[in-house]
Amino acid sequence: MASFTTEYTPLEEIPKIRTQLRDTFASGLTLPPAYRIQQLRQLARMCQENKDAITDALALDLGKPKIEVLSGEIGHIIARSLHAAEHVHEWTRPEKVEVDTPWQKEWDTRIYRLPKGVVLVIAPWNYPMALALQPLLGAIAAGCCVVIKLSEIAPHHASLLTRLLPQYLDSRAYRIVNGGVPEVTKVLELQWDHIFYTGHSAVARIISAAAAKHLTPLTLELGGKSPVIIDPASDLTLAARRVLYGKFNNAGQICVSPDYVLIHASAKPAFIAALQEACKEWFPNGCLESDDFASIVNPTHHARLKGLLDRTKGQIVMGGRVGEDKNGQMVRMELTVVDGVEEDDVLMEGEIFGPILPIVEVRDIDEAIEFVRARPHPLVLYAFTQNDEVRRKILLRTTSGNITFNDTVMQLSVNELPFGGVGESGHGRQIQKWSFDIFSYERSYVDIPPHVEPGLSHRYPPYDDRAMAM
Ligand code: NAD
């Protein structure tokens, strides 16, 4: 698995690809709604007809269970491509604007939502299919031409998508670039009409600096430490199961994974016991042995996570074992809970992005809120409570891209809510029409008919008092 690499795009090809796409965009090929609809349907077909190949590739890259691939990588992309296809006409229809000013009443005033042009999508490895195709489908709906830079860390997926995309989509308008830092660097030297980046906040700073050189608009979908606040009065068994579900998904390698838990000492024993119970029920033979539990993406990330467990000053109260996959690679790690984690612990330094759940003790909900407020704004804030006052306090006194009460991760399944970060967890909103909006711009349109000229003639000098009325 580690030795498999995708064929990287030759550096000298990259500017040529951008030029070809610019020519395509200038030709107007991607403008007609019918074209966009056909391409969106093709994208859905590609996912539908290649489910087995996609699940195989993601099993090789991430040991991802088939059901997680079908639901988390393929199913919603099919649904959202078809939803976008259904709504392209509505989203692109010029909006007639009613003006309030009496002497402008006869002007034709509208808003057109038009494609930004040739855009760049940079995708990560953890949900390599979904996080490449979700922005792509928004850009197709908007009428843009697109270059997608796939992650080199999920090479089987990159290789498959590089083969499939041109079989289903028009290569004159949609292209893939493969490679690592040299290839991204080359891509970023070029001017794009929008950059959509999903990944780590450290790399986001490099992307932002490159975008700033060309004043390129940017969407940043980042991560960070998403906390879980537990009200001791909540159903602790249910809370434990739902937190563990979020942590177990893709072995915690998901941007919205619950990163750490803030809980009062009185509720902690019952909460931890419920975590242990749920883990035993779901993985009776241990997670390392289960096909339902994903692997860590590669030995480098595994060593990073193992290093965190070696250096934490907390106590491991569940899991903690590591192991090899079928190819003898050290990439497996159990669902692990670490109790007694202090603010300055190594587990609290950065996003964990793996199956480790630290438990931090707090005196009360107010201290939990202050703990969250003292740190960068998370992508998601999770809270378990049935108390309206507590719910309100958490909602109004914290800042995060998304807030979910009484469950984890499931907010991703709600198609009608926008998704995105705030501050350190990114900016911009996607899903459904929000994805279309990212790649469109609103062009104000005014047509002032000749016959209103008498009403406007007083704007010309020499000025008199009537000009004041304008
Ligand atoms: P990453 O930033 O390392 O990689 C993402 C992309 O950036 C890849 O295509 C990679 O080739 C490119 N890249 C890496 N190093 C680069 C460099 N020095 N210069 C230019 N480009 C570079 O991120 P990752 O490890 O793939 O993903 C993990 C992070 O992404 C986590 O923080 C996670 O929370 C976040 N994430 C966010 C979302 C979201 O929707 N908000 C979704 C998934 C992951």
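Here, each number is a calculation from the coordinates, and none is a lab measurement. These numbers were taken from a predicted model, which means no experiment stands behind them. Neighbour counts run over all protein chains shown; Cβ positions are idealised from the backbone, glycine included.
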Q) Going by how many other beta carbons lie within 10 Å of each one, how would you line up GLU90, GLU13, fewest first? A) GLU90, GLU13
Q: Kindly provide the helix-only [θ] at 222 nm of the chain, computed as the sum of -39,500 (n - 2.57) over DSSP H runs of four or more divided by all residues, to the nearest 500 deg cm²/dmol?
A: -12000 deg cm²/dmol
Q: Would you kindly give the portion of the calculated P(r) for the stretch 252-327 that falls above 14 Å, as a percent of all Cα pairs?
A: 72
Q) For the residue pair GLU189 and GLN38, what label-to-label distance in nm results when each label sits 7 Å from Cα along the Cα-to-beta-carbon direction? A) 3.6
Q: Quickly work out the LEU395-to-GLU324 label distance, labels modelled 7 Å from Cα along the C-beta direction, and quote it in nm with one decimal.
A: 5.3
Q) Remind me, relative contact order of the chain in percent, using alpha carbon pairs under 8 angstrom and six or more residues apart? A) 18
Q. Given charges of +1 on the Cβ of Lys and Arg and -1 on the Cβ of Asp and Glu, with all other atoms neutral, how large is the dipole of the stretch 102-172 about its Cα centre, in debye to the nearest 20?
A. 60
**Q.** Residue order, fewest to most surrounding Cβ atoms within 10 angstrom, among ARG22, ARG163, ARG459
**A.** ARG459, ARG163, ARG22
Q: Nearest 5 is fine: what % of DSSP beta bridges in the chain come out antiparallel, could you say?
A: 35
Q.
With unit charges on the beta carbons (Lys and Arg positive, Asp and Glu negative) and the dipole taken about the Cα centre of the chain, which residue among GLN432, ILE14, TYR382 sits farthest to the positive side?
A. ILE14
Q. What lysines sit close enough to LYS326 to cross-link, taking a C-alpha to C-alpha distance under 30 Å and skipping anything fewer than 8 places away on the same chain?
A. LYS51, LYS64, LYS66, LYS149, LYS247, LYS280, LYS306
Q) What's the center-to-center distance, using Cα atoms, between the stretch 20-97 and the stretch 399-470 in Å? A) 25
Q. What shape does the stretch 132-241 have by the C-alpha gyration tensor, where a ≥ b ≥ c are the square roots of the eigenvalues, rounded means a/c under 1.5, and otherwise prolate means a/b greater than b/c and oblate the rest?
A. prolate
Q) Tell me, what is the FRET efficiency for ILE206 and ARG172 to the nearest 0.05, using R0 = 45 angstrom and their Cβ-Cβ distance as r? A) 0.90
Q | Global form of the stretch 202-303, assessed from the alpha-carbon gyration tensor, a/c cut-off 1.5 | A | oblate
Q: Convert each backbone phi in the stretch 162-172 into a coupling constant with the Karplus relation 6.51 cos²θ - 1.76 cosθ + 1.60 (shift: θ = phi - 60°), then list the ³J(HN,Hα) values in order as whole Hz, x for Gly and Pro.
A: 5, 7, 6, 3, x, 6, 10, 10, 6, 5, 5
Q: Give the relative contact order (percent, whole number) for the stretch 172-255; include only Cα pairs under 8 Å separated by 6+ residues.
A: 25
**Q.** Extension gain from GLU442 to GLU13, taking 0.36 nm per residue of separation minus the Cα-Cα distance
**A.** 151.2 nm
Q. What per residue convex hull volume, in Å³, do the alpha-carbon atoms of the chain yield?
A. 179
Q. Once you charge only the Cβ atoms, +1 for Lys and Arg and -1 for Asp and Glu, what is the size of the charge dipole of the stretch 205-250 about its Cα centre, to the nearest 20 debye?
A. 220
(Q) Tell me the relative contact order for the stretch 331-470 as a rounded percent, counting alpha carbon contacts under 8 Å between residues six or more apart. (A) 15
Q | Simple label model, 7 Å out from Cα along Cβ direction - TYR463 to ALA374, nm | A | 5.8
Q | Largest to smallest principal axis extent of the C-alpha atoms in the stretch 253-407, angstrom | A | 51, 30, 27
